[in-house]
Amino acid sequence: MVRVIDRLVPHALVLVLLSAAFAPVAALVAPDVAYADANSEARVFFERGNRQLAAALRLRGPRRQRALEEALGSYVSSLRIVRSRNAVFNAGVTMQELGRADDAFDYFVEYKGMPGLTDAERAEVAQRVDAMRARLALV
């Protein structure tokens, strides 16, 4: 038994030294891992919101209202983690479907100012904003 321990001690010492040597490297990589985990979590909420919104658009009456509220909750949860342009746009669409034009307008204006939009995306949101602008009392 003592011989086994004597043989393991040098190996354990090497492991301790290696882990100490790589600890700073792990600390540098950790933020990327945390960022990836945050993106993954936000995506789960975003995709759930997409499913809920699609289902809500097929419903009528109070069931539609509840389903839209659930979709909005999922999008807001996603946006609390990562401010993605798709979640911002979909939250705006959901707000518009809920009849909350002021909030929808705010989301669309935020979306319109996000970098990386294609010309088609800019045109679509500009059309939505312009259509809403006529019905809202903007200061």
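The values are calculated or read from the model by the stated rules, or taken from the named source; none is laboratory data. Note that the structure is a prediction, hence the values are computed from the model and not measured. Every residue, glycine as well, gets a Cβ built from its backbone with ideal geometry; the counts of neighbours run over all protein chains shown. Heads up: the accessible areas ignore ligands, DNA and RNA and are worked out on the full protein's heavy atoms, side chains in. Shrake-Rupley method; radii C 1.70, N 1.55, O 1.52, S 1.80 Å.
Some points to look at:
- Among the residues listed as Ser40, Ser74, the single one being within 12 Å of the chain's Cα centre (by Cα), at pLDDT 95 or above and part of a helix (DSSP H, G or I): Ser74
- Search result, residues across the stretch 116-130 that are acidic (Asp, Glu) and closer than 17 Å to Asn90 by Cβ: Glu121, Glu124
- Scanning the stretch 43-59 for residues being open to solvent by 70 Å² or more (accessible area, probe 1.4 Å) and either part of a helix (DSSP H, G or I) or in contact with a strand residue (DSSP E or B) (Cβ under 8 Å, 6 or more places away or on another chain) (or both) gives a total of 5.
- Of the residues making up the stretch 99-106, one or more are touching a Leu at 6+ places or on another chain (Cβ under 7 Å), part of a helix (DSSP H, G or I) and either of a type in the set (A, V, I, L, M, F, W, C) or open to solvent by less than 30 Å² (accessible area, probe 1.4 Å) (or both).
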